Amino acid sequence: MNKANNSSIDRLKQKRNIGIAKMRDFYQMKPDAPIFQMEFGLPILDRWKREGHINDSTDFYDLFGYDEPGTHSLGQLGWCEAPFSPSFDVEILEDKGDYELVRDIAGRHVLYFKGRRNGFMPEYLEHPVKDMKTWEENCKWRLDPSDSRRYSDLNERMKVAVECAESGMFIVQHIIGGYMYLRSLIGPVELLYMFYDDPKLIHECMRTWFELADEVTKRHQQYVTFDEIFLAEDICYNHGPLIAPNMIREFLFPYYQQLISNVKKRQKDKSRKLHIQIDTDGNAVPVIDLYKEIGMDYMSPFEVASGCDVVQIAKDYPELLIRGGIDKRILASSKEAIDREVDRIMPFMKKRGGYIPCCDHGVPEETSFENYMHYRKRMLEF
């Protein structure tokens, strides 16, 4: 039994070392290096379970040939919602037959299908910040960087982070980007008006964003050196950015620049390069040069339906690290269409380096298991 356990542990270490080596080649943009294998997301899994292709014990890393992670992520600073502590209590506000109106952890009033809250885009009816009064009453105090609840498990989390760093894994600090943060507070439509109607409130919200991110990253940096800051931004739609470049520079960049500057000054190992990744849906091409002003050198996920072509982007920006850009819709089409997509993208991108292929969003529910397995076999050629 011990021999079997030791053998299993050795195999896992070997797989992790391969994942780490591939990520190192990615960050260094090593031409023609083996490609790191991953996926954006798999909302299709329930269908494949119903069809009997997989079950609850299926090892997706082995089945699909994914690499073991070469990075370790530090959280505590949000993703799609403001990082409240405490968060709002989730409460069903109204039963609407096939739907239910729910207050979620971010204080939003959300209309869901009854019994289903994931795997689709719900309808957001109300957000917690409407003016300075509601900001202070509902949200600002939930973003207090000195709240001890934020750090109750800090030592345990950092012990894991230190072990990961010592094993060679790259340390990534995830942070909700300013635009995504403001949108979660105010609402996607209301926010666009608020930039004009109450810029003072926007700056107040962003100062709080900065103060929280600065304090949390400072505490994390006492233990580990960051290799990457990941900003979950979602500032683009299918034609480009949702606000003008001058507004991005006015309302977001001063806070990003100060945070990045502070993080760099605090790095334990100042010789390590700090990568800045911007994650945004939609057509991100018009903002690549803009975000390079804050040091961005890595972008994802390059939504094909919005006009993003990673091959052309790689030619136009040979220094840019790229993740994503595989058209998720093609996976639901045919094996021939999958082959055309793989053959168009992968030979060039592998030769170039600095690319991690994955769908530009989750694998759609129309995708057959056979199509996805064909796609995975093709990707493993690289």
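Please treat every number below as a calculation from the coordinates, not as lab data. Since this is a predicted model, take the numbers as computed values, not measurements. Using ideal geometry, Cβ is built from the backbone for each residue, glycine included, and neighbour counts are taken over all protein chains shown.
A few comments on the model shown:
- Sequentially through region 59-72, phi angles give Karplus couplings (6.51, -1.76, 1.60; θ = phi - 60°) of 8, 5, 4, 6, 4, 9, x, 6, 7, 5, x, x, 10, 10 Hz, Gly and Pro residues having no value and appearing as x.
- Residue-span extension gain [S333 to M121] - 0.36 nm each, minus C-alpha spacing: 74.0 nm
- Estimated FRET transfer efficiency when R0 is 45 angstrom, pair K265-R344 (beta carbons, to 0.05): 0.55
- Matching the structure-derived Rg and Dmax of the Cα atoms in Å against the labelled list [x] 26.6, 91; [y] 21.6, 68; [z] 20.2, 65 gives the label [y].
- Cross-link partners for K114 among the lysines, with Cα-Cα distance under 16 Å and sequence neighbours closer than 8 places in the same chain left out: K96.
- Partner aspartates and glutamates whose Cα lies under 16 Å from the Cα of K130, excluding those fewer than 8 positions away in the same chain, are identified as E190, D197, D198, E204.
- Within straight-line reach of K13, meaning a Cα separation under 16 Å, sit the following aspartates and glutamates at least 8 residues removed in sequence or on another chain: D62, D67, E68, E163, E166.
- Note that region 131-148 has calculated 3J(HN,Hα) couplings of 6, 4, 5, 5, 4, 6, 6, 9, 10, 4, 5, 7, 10, 6, x, 8, 4, 4 Hz, one per residue in order, obtained from phi through the Karplus relation 6.51 cos²θ - 1.76 cosθ + 1.60 (θ = phi - 60°); glycine and proline are x.
- Computed log₁₀ I(q)/I(0) - Debye formula, equal Cα scatterers, no solvent, region 1-102, q 0.10, 0.20, 0.21, 0.22 Å⁻¹: -0.56, -1.13, -1.15, -1.16
- Enclosed volume per residue, in Å³, of the convex hull spanned by Cα atoms of region 161-320: 118
- Diffusion coefficient of region 291-377 by Stokes-Einstein, Kirkwood radius over Cα pairs, 4 °C, 1.567 mPa s: 96 µm²/s.
- Filter on K22/K335; K270/K328; K159/K270 - keep pairs with C-alpha separation over 30 Å: K270/K328
- Using alpha carbons only, the radius of gyration of region 150-207 set against its Kirkwood radius gives Rg/Rh = 1.24.
- C-alpha center-to-center spacing [region 107-128, region 25-42] in angstrom: 34
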